[in-house]
Amino acid sequence: MAEAGIGHHVEPALISGGRFFQRGDAGPPVEALQAMLALYGYNAPVSGDFCHRTEGVVEAFQRHFRPERVDGVADASTIDTLHRLLRALPET
């Protein structure tokens, strides 16, 4: 569908190790993740706290763009896929 101009898609990043964020984490990196999700259009809180609601937003993102693992943990694959989606957005 994305090739037909409907929706937006990039190939998901491979699942591998690396730094990740999960419920209970907090700080500026979590706030940056939340801001990127909100920028992409998800109803993510931008609080710096990886709360239950943020976990649900990450699960929704994974379900749509990286369905190989839907666990609500913002792993390197999830974050990289989100970065690439944001870079691929058309400029307005």
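The values are calculated or read from the model by the stated rules, or taken from the named source; none is laboratory data. Since the structure is predicted, the reported quantities are computational estimates derived from the model, not experimental observations. No Cβ is skipped: glycine too gets one built from the backbone with ideal geometry, and neighbour counts run over all protein chains shown.
In this structure, does Val70 turn out to be without any contact (Cβ under 8 Å) to a residue 12 or more places away in the chain, assigned to a loop (DSSP other than H, G, I, E, B) and surrounded by 15 or more Cβ atoms within 10 Å (Cβ to Cβ)?
Considered against the rule, which asks whether it is without any contact (Cβ under 8 Å) to a residue 12 or more places away in the chain, assigned to a loop (DSSP other than H, G, I, E, B) and surrounded by 15 or more Cβ atoms within 10 Å (Cβ to Cβ), Val70 comes out as yes.
Out of all the residues in the range 1-39, which are at pLDDT 95 or above, closer than 21 Å to Pro67 by Cβ and either part of a helix (DSSP H, G or I) or of a type in the set (Gly, Ala, Ser) (or both)?
Leu33, Met36, Leu37, listed by residue number.
Looking at the structure I just gave you, is Gly56 free of Cβ contacts under 8 Å to residues at least 12 places away in the same chain and not basic (Lys, Arg)?
Judged against the criteria, Gly56 is not a match.
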